[in-house]
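One structure is given here, and the rest of the page talks about it.
The values are calculated or read from the model by the stated rules, or taken from the named source; none is laboratory data. Bear in mind the structure is a predicted one, so any value in this text is a computation, not a measurement. FYI the Cβ positions are ideal-geometry reconstructions off the backbone, even for glycines, and counts take in every protein chain you see.
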Amino acid sequence: MSPKFLHQVFAADLPESTTRVMAVTQRPVATTAFSGKAKAAAWKHIPSWFLVAKQDRTINPDQERFEAKRAGSHTVEIDSSHVAMIAHPEAVTDLVLQAATAAESARPELPATGSTHGSRAETALTGIAAASLITGAGALLMGRRLRRPAP
């Protein structure tokens, strides 16, 4: 994306000073992101949580809603641009925590492969929860850091 359009299209709810930094540090998207085919869809077997950014001009919010509905995701909608994790880190963190602390009934059932099934499932879920929490915390801290006024 051309740096001159980044604020308007990608991050309209952030200060222009922040989007200027993003524009010079953003790497171009790899074309394989649009042409690669997944071998399996995890959302068919694993519960998912989805954040719809209602002001997204990069991915149409109706497309986001379609994907969330198709996956049977627990969905939250917020007034945000494409970069909700920076513009609204608290909302993103809340959703990550909701997913990480979901009731047992909302967690995935992993296939039994012997007597260690229970410990494998707990280890996998712990890893997923930890990764989600770290990602959410990172997004929260990054959002706060980018919002600070320049000295």
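Among the residues in the stretch 33-41, are any assigned to a helix (DSSP H, G or I), of a type in the set (A, V, I, L, M, F, W, C), over 27 Å from Ala100 (Cβ atoms) and free of Cβ contacts under 8 Å to residues at least 40 places away in the same chain?
There is at least one residue in the stretch 33-41 that is assigned to a helix (DSSP H, G or I), of a type in the set (A, V, I, L, M, F, W, C), over 27 Å from Ala100 (Cβ atoms) and free of Cβ contacts under 8 Å to residues at least 40 places away in the same chain.
From the list Glu90, Glu109, Glu122, which residue is modelled with pLDDT of 85 or more, surrounded by fewer than 14 Cβ atoms within 10 Å (Cβ to Cβ) and among the charged types (D, E, K, R)? Spell out the reasoning first.
On the way: Glu109 fails: modelled with pLDDT of 85 or more; Glu122 fails: modelled with pLDDT of 85 or more.
Going through Glu90, Glu109, Glu122 in turn, just one is modelled with pLDDT of 85 or more, surrounded by fewer than 14 Cβ atoms within 10 Å (Cβ to Cβ) and among the charged types (D, E, K, R): Glu90.
Restricting to the stretch 74-83, count the residues that are assigned to a loop (DSSP other than H, G, I, E, B) and either farther than 20 Å from Ala11 by Cβ or charged (D, E, K, R) (or both).
1
When the stretch 20-50 is examined, which residues are found to be closer than 14 Å to Lys4 by Cα, under 19 Å from the mean Cα position of the chain (by Cα) and among the polar types (S, T, N, Q)?
Within the stretch 20-50, Gln26 is the sole residue that qualifies.
Does Val52 satisfy the criteria of being surrounded by 19 or more Cβ atoms within 10 Å (Cβ to Cβ) and at pLDDT 95 or above?
Judged against the criteria, Val52 is a match.
Of all residues in the stretch 1-29, count the ones that are modelled with pLDDT of 80 or more and either of a type in the set (A, V, I, L, M) or in contact with a strand residue (DSSP E or B) (Cβ under 6 Å, 6 or more places away or on another chain) (or both). Talk me through it step by step, then tell me what you get.
Step one: filter the stretch 1-29 for residues modelled with pLDDT of 80 or more, giving 4-25.
Then drop every residue that is not either of a type in the set (A, V, I, L, M) or in contact with a strand residue (DSSP E or B) (Cβ under 6 Å, 6 or more places away or on another chain) (or both), which leaves 6, 9, 11-12, 14, 21-24.
Summing the residues that are modelled with pLDDT of 80 or more and either of a type in the set (A, V, I, L, M) or in contact with a strand residue (DSSP E or B) (Cβ under 6 Å, 6 or more places away or on another chain) (or both) in the stretch 1-29 gives 9.
I'd like the full set of residues that are part of a helix (DSSP H, G or I) and of a type outside the set (S, T, N, Q), limited to the stretch 13-32.
Filtering the stretch 13-32 down to residues part of a helix (DSSP H, G or I) leaves 16-25, 32.
Correct list: Glu16, Arg20, Val21, Met22, Ala23, Val24.
Suppose the filter is part of a helix (DSSP H, G or I), surrounded by 13 or more Cβ atoms within 10 Å (Cβ to Cβ) and not hydroxyl-bearing (Ser, Thr, Tyr); does Glu64 pass it?
So Glu64 fits the description; yes.
Conditions tested, residue by residue: (1) charged (D, E, K, R); (2) closer than 13 Å to Phe10 by Cα.
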residue	(1), (2)
Ala30	no, no
Leu51	no, no
Asn60	no, yes
Arg65	yes, no
Ala68	no, no
Gly72	no, no
Met85	no, yes
Asp94	yes, no
